[in-house]
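Student: Handing you a structure now.
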Amino acid sequence: MSDKRTGAQILCEALIQNGVDTMFGLPGGAIMPFYHAMWEYRSELRHILCRHEQGAGHAAEGFARSTGRIGVCIGTSGPGTTNLVTPIADAWMDSTPMLAICGQVSSAVLGKDAFQETDITGITMPITKHNYLIKRVEDIAYAVKEAIFIATTGRPGPVLVDITKDALQASMVPDYSKKIFLPGYRPTYQGSKKQIKAALDLMLQSKKPVMMIGNGVMMANASDEVMAFAERYQIPVITTLHGLGAFPQDHPLSLGMPGMHGWVHANRAIQESDFLLNIGGRFDDRVTGKASTFAPNASIVHVDIDPSEIGKNIEVDVPIVGDAKLVLLSLLEEEPEERKVTEFHHAAAEWLVYVRELQAKHQHKQQYLNRPDTSVMMPHDVYAVLTKEMNERGNYRVVTDVGQHQMWAAQLLDWYRPRTHITSGGAGTMGFAMPAALGVAVAHPEDTVWVVCGDGGFQMTNQEMIVVVQENIKNIKIAIINNGFLGMVRQWQELFEGKRYSGTPLTSPNFQKLAEAYGWTGITVESGDQIEAAVQQAYATDGPVLIDFRVEREVNVFPMVPQNKSIGEMITE
Amino acid sequence: MKTHILVVLMQDHPGVLNRAVSMFRRRGYNIASLAVGHTETTGVSRMTVVVESDHVEQVVKQLYRLVEVLKVSDVTNDPTVEREMALVKLHVPSQQRAEIVALAEVFGAKIVDVSVTAMVIEMTGGPAKVDNFIDMVRPFGIKEMMRTGRIAMVRGARGHSGADLVDTGWQNDVAGAASAAAQ
Ligand SMILES: Cc1ncc(C[n+]2csc(CCOP(=O)(O)OP(=O)(O)O)c2C)c(N)n1
Ligand SMILES: [Mg+2]
């Protein structure tokens, strides 16, 4: 134990000690000592070489979001780390536990514009939960421990550790024992009893209650508690984009997604409710529409582990700072007066019948599934077949990119299990899906990982397909919803800008051939009657498959709330 | 917009001021004045920031999101001692010297440098008093002026010591709570 180790070896050992077994990265000069040391630890620390650091970052996000564990990405100084900026920003917006390890030029030349020097701690200060510039070998072990602790506790987020080359090369007898000392970091997990009582009291006085669950429920693994609470009090549950899967959508209390492309009935339920319990959602503007018009009649309870989210976008009546799971457990422990509960049940039952009627009237999903004419291939036809085939086989996870295909996937696919729907929400990062799926597939070799991607976003990061081959990963299937446009932008141009299709028509390479060039199986589907055979072939193929669905080009995502309008004002066609 | 005086205790790490100021900038909070320095406790520095905002509780919460921020207090409505300092260089012909010396005396300002045609005066006091002094000397011709940011301290025994903020107890609480939540 008293042997000296280099900083790079210490880095490897600290990562292993703190639960890391998989990393995504790409080497270069400043980070080379780390790669040198990694060789000895390769049986415990799997390194997956990506083709672009952005890919490595999104892969780490996919790994983290599908497991709840820390996702690790690596880049070398200068461009290697600036390429990580987009996934770091994405992880920041969607509260993903991520550790970015960056090589930095030697401390002797730091600040002198040395070759490949970039101030990455300065650049990422506003988009990380915390970051470090480590210049001494003595600080490496502790920084890794603290960084992973910060990234994975409280409201998770990305943390960046920038280490100078000389610190990686210097050696010392390692000491991993230093206790974490973070006097300013005190996330609150247990909700205040008083507030919890007040929240329940308020709820029991209401007649039209709804519950809305978001990413916080996913991250706290609180699905069972949501179910127990919703069932006990018979409250309808609305799931935000990042809440999809945290509550099974075939449950009689499930209303599905709210917001800009949510369901009419979910938005109406919010607007007509007199009580809204938001657990682990941050009242993003894509959910609330024009904030001043959101849930005008409701008293609002907001549960969030990050106090700064409460009262930021929407005024609330009862704030509860805490972990979604622990707060729900406390809510379930409460034994309110029998009489109050009976009265509440009575009123809420009537409301439930009403919202279910709304749902039956407005959920277009069934309507699309039963479309009789399939000669023209609508995007919806593809989703219908995917839904059927996925359900028949089970064990699927879906990673979506950003655009129309993303919203259709959220609306039309079936979400039953937590961490099965993975997408770039807060940042809306095109190019997220393919590399993120790599991380998901590595973490879940037993599941089939579907990438649902647009023709535009796919071309931003498709180079990561070859990583799948190099790593012998077989459980990824890609469905490109190829509409020949940057579709979501085109939709806005069509609806609000008199069809000025500036910069949105899109020529693409032959994706089937591209797939084949990468050693994948490629399939092109040009009409509705070929969809089923293609998806079945994808499942039957023991290896990665890409299907290029050449769908109708100018189809819009409905329903839709126009920007800055109330969610009560949806356009449906 | 309302003006608030925040006293912020933070870990004395490189970059911590940068983090705080960068947060103010990107969230559009307007800093009217800012002063930072060491405290009685090793490892803790203290910032007094005067901020213009109608949503001060958001400002406070966002400050707390910074890992190195230990404590934030809005002392706007507390009885406080507030001080600013100004160094003012005046162009003073010899015949006006006496008049300025008299004025400085009234304000309790110190004359810290005198030369044939100029004087440097050190004025310390509450922000209003410093303003007032500067208005009074302006007609004499200000050649140079530099004001510090405001610093503030609550009166009486109660206050904002850093000493009790840097124990390790909390960390065990966080680790415990995190693992309890993960069960
Ligand atoms: C990196 C990035 N650049 C630009 C945008 C803006 N944007 C949002 S959706 C979209 C269109 C995406 O087109 P495509 O990938 O083909 O998906 P579709 O909407 O057609 O399904 C664009 C350009 C973005 N979200 N991310
Ligand atoms: Mg497209």
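Student: Of B:85, B:119, B:146, which is the most mobile in a GNM of chain B whose springs link Cα atoms less than 10 angstrom apart?
Tutor: Evaluated over chain B, the most mobile residue of the options is B:146.
Student: Please state the charge dipole magnitude for segment B:63-183, taken about the Cα centre, from unit charges on C-beta atoms (+1 on K and R, -1 on D and E), reported in debye and rounded to the nearest 20.
Tutor: On the way: 13 positive and 15 negative charges, 62 e Å.
Charge dipole of segment B:63-183: 300 debye, to the nearest 20.
Student: What average number of partner chain Cβ atoms lie no more than 10 Å from the Cβ of the residues making up A:177-183? Don't skip to the end; give the middle numbers.
Tutor: Working: counts 0, 0, 4, 5, 7, 7, 18.
The mean count of partner-chain Cβ atoms within 10 Å per residue comes to 6.
Student: Now a separate question. Carbon and sulfur together cover what percent of the accessible area of segment A:5-172 at a 1.4 Å probe radius? Walk me through the numbers on the way to the answer.
Tutor: On the way: 2820 of 5190 Å².
That share works out to 54 percent.
Student: Please report how far the C-alpha centroid of segment A:439-491 lies from that of segment A:26-85, rounded to the nearest whole angstrom.
Tutor: 19
Student: Measuring from centroid to centroid over Cα atoms, what is the spacing of segment B:116-160 and segment B:1-71 in Å?
Tutor: Here the answer is 23 Å between Cα centres.
Student: Something else about it: With the contact rule set at Cα under 8 Å and sequence spacing of 6 or more, what percent relative contact order holds for chain A? Mind dumping the intermediate values first?
Tutor: On the way: 1299 pairs, mean separation 79.0, N = 573.
With pairs under 8 Å counted, the relative contact order is 14 percent.
Student: If you only keep lysine pairs separated by 8 or more in sequence, or across chains, how many in chain B come under 28 Å at the Cα atoms?
Tutor: Taking chain B as the scope, the lysine pair count is 10.
Student: Put +1 on the Cβ of each Lys and Arg and -1 on the Cβ of each Asp and Glu in segment B:3-78; which of B:41, B:53, B:18 then has its Cα farthest toward the positive end of the dipole?
Tutor: My answer, from the dipole projection, is B:18.
Student: Can you give the Rg/Rh ratio of segment B:3-78, where Rg is from the C-alpha atoms and Rh is the Kirkwood radius? Walk me through the numbers before you get to the answer.
Tutor: On the way: Rg = 11.4 Å, Rh = 12.3 Å.
Here Rg/Rh amounts to 0.93.
Student: Please list, in order along segment A:288-297, the HN-Hα scalar couplings obtained from phi with the Karplus expression 6.51 cos²θ - 1.76 cosθ + 1.60 (θ = phi - 60°), rounded to whole Hz, x for Gly and Pro.
Tutor: Computed from phi, the couplings for segment A:288-297 are 8, x, 4, 4, 5, 9, 6, 6, x, 9 Hz.
Student: Just to be sure I understand the curve: with the Debye formula and one point per C-alpha of segment A:163-232, what is log10 I(q)/I(0) at q = 0.26 Å⁻¹?
Tutor: -1.31
Student: Determine the sum of side-chain charges near residue B:92: Lys and Arg each +1, Asp and Glu each -1, restricted to other residues whose C-beta is under 10 angstrom from that of residue B:92. If you can, show how the numbers build up before the last one.
Tutor: On the way: positive: B:89, B:97, B:143; negative: B:99.
Neighbourhood net charge equals +2.
Student: Return P(r) of segment A:193-362 (all Cα-Cα pairs; 5 Å bins starting at 0; whole %; ordered from short to long distances).
Tutor: Here the calculated profile for segment A:193-362 is 2, 9, 20, 25, 23, 15, 5, 1.
Student: What accessible area per residue, rounded to a whole number of Å², is obtained for segment A:5-172 using a probe radius of 1.4 Å?
Tutor: Numbers: 5190 Å² over 168 residues.
In whole numbers, segment A:5-172 has 31 Å² accessible per residue.
Student: Amide H neighbours of residue A:569 under 5 Å, counting only residues 5+ apart in sequence or on other chains, H built in-plane at 1.01 Å?
Tutor: Residues meeting the criterion, in which the H sits 1.01 Å from N, do not exist here.
Student: Take segment A:52-112, drop everything but the C-alpha atoms, weight them equally and run the Debye formula without solvent; then report log10 I(q)/I(0) at 0.14 Å⁻¹ to two decimals.
Tutor: The calculated log intensity ratios at q = 0.14 Å⁻¹ are -0.39.
Student: Now for a separate question. Can you give the Rg to Rh ratio of the protein assembly as shown, both from alpha-carbon atoms, with Rh computed by the Kirkwood formula? Write down the numbers at each step before the final one.
Tutor: On the way: Rg = 29.5 Å, Rh = 28.6 Å.
Here the Rg-to-Rh quotient is 1.03.
Student: Relative contact order for segment B:81-151: what percent, with Cα pairs under 8 Å and sequence separation of 6 or more?
Tutor: 52
Student: Report, ordered by chain and residue number, the aspartates and glutamates lying within cross-link reach of residue A:513, taken as a straight Cα distance under 12 Å and ignoring same-chain residues fewer than 8 apart.
Tutor: A:548
Student: At 10 °C and a viscosity of 1.306 mPa s, what translational diffusion coefficient does Stokes-Einstein give for segment A:406-480, taking Rh as the Kirkwood radius over Cα pairs? Give it in µm²/s as a whole number. Each step should come with its number before you reach the end.
Tutor: Values: Rh = 12.8 Å.
After rounding, the answer is 124 µm²/s.
Student: Compute from the Cα atoms of segment A:274-364 the Rg and the Dmax, the latter being the longest Cα-Cα distance, and quote both in angstrom.
Tutor: Final numbers for Rg and Dmax: 15.3, 40 Å.
Student: Here's a follow-up. Gap in Å between the Cα centre of segment A:104-153 and the Cα centre of segment A:193-217?
Tutor: 42
Student: With just the Cα atoms of segment A:215-269, tell me how far they stretch along each of the three principal axes, in Å, largest first.
Tutor: Sorted from largest, the Cα extents of segment A:215-269 read 27, 23, 15 Å.
Student: A further question follows. Sort segment B:81-151 into rounded, prolate or oblate with this rule: let a ≥ b ≥ c be the square roots of the eigenvalues of the Cα gyration tensor; rounded if a/c is under 1.5, and if a/c is not under 1.5, prolate when a/b is larger than b/c, oblate otherwise.
Tutor: Prolate.
Student: Separate question: Sorted by mean Cβ packing within 10 Å, highest first, what order do the peptides B:40-50, A:429-439 take? Kindly include the intermediate steps, with their values, before the conclusion.
Tutor: On the way: B:40-50: 19.0, A:429-439: 30.7.
Per-residue Cβ counts within 10 Å, averaged per peptide and sorted highest first, yield A:429-439, B:40-50.
Student: Further question on the same structure: Can you tell me the dipole magnitude for segment B:81-151 around its Cα centre, using point charges on the Cβ only (Lys, Arg +1; Asp, Glu -1), in Debye to the nearest 20?
Tutor: Numbers: 9 positive and 9 negative charges, 19 e Å.
In debye, rounded to 20, segment B:81-151 gives about 100.
Student: Another question, then. Would you pull out the residues with amide H under 5 Å of residue A:134's amide H, same chain only if 5 or more places away, H placed 1.01 Å from N?
Tutor: A:162, A:163, A:164
Student: Additional query: Segment A:76-207: D in µm²/s via Stokes-Einstein (Kirkwood Rh, Cα pairs, 10 °C, 1.306 mPa s)?
Tutor: It diffuses with D of about 95 µm²/s by this estimate.
Student: To continue, here is another question. For segment A:5-172, just the Cα set please: Rg and Dmax, both in angstrom.
Tutor: 13.9, 41
The values are calculated or read from the model by the stated rules, or taken from the named source; none is laboratory data. Since the model is a prediction, treat every value here as computed from it, not as a measurement. Glycine also receives a Cβ, built like all others from the backbone with ideal geometry; neighbour counts cover every protein chain displayed. These area figures cover heavy atoms from the full protein model, side chains too; ligands, DNA and RNA do not enter into them. Shrake-Rupley method; radii C 1.70, N 1.55, O 1.52, S 1.80 Å.
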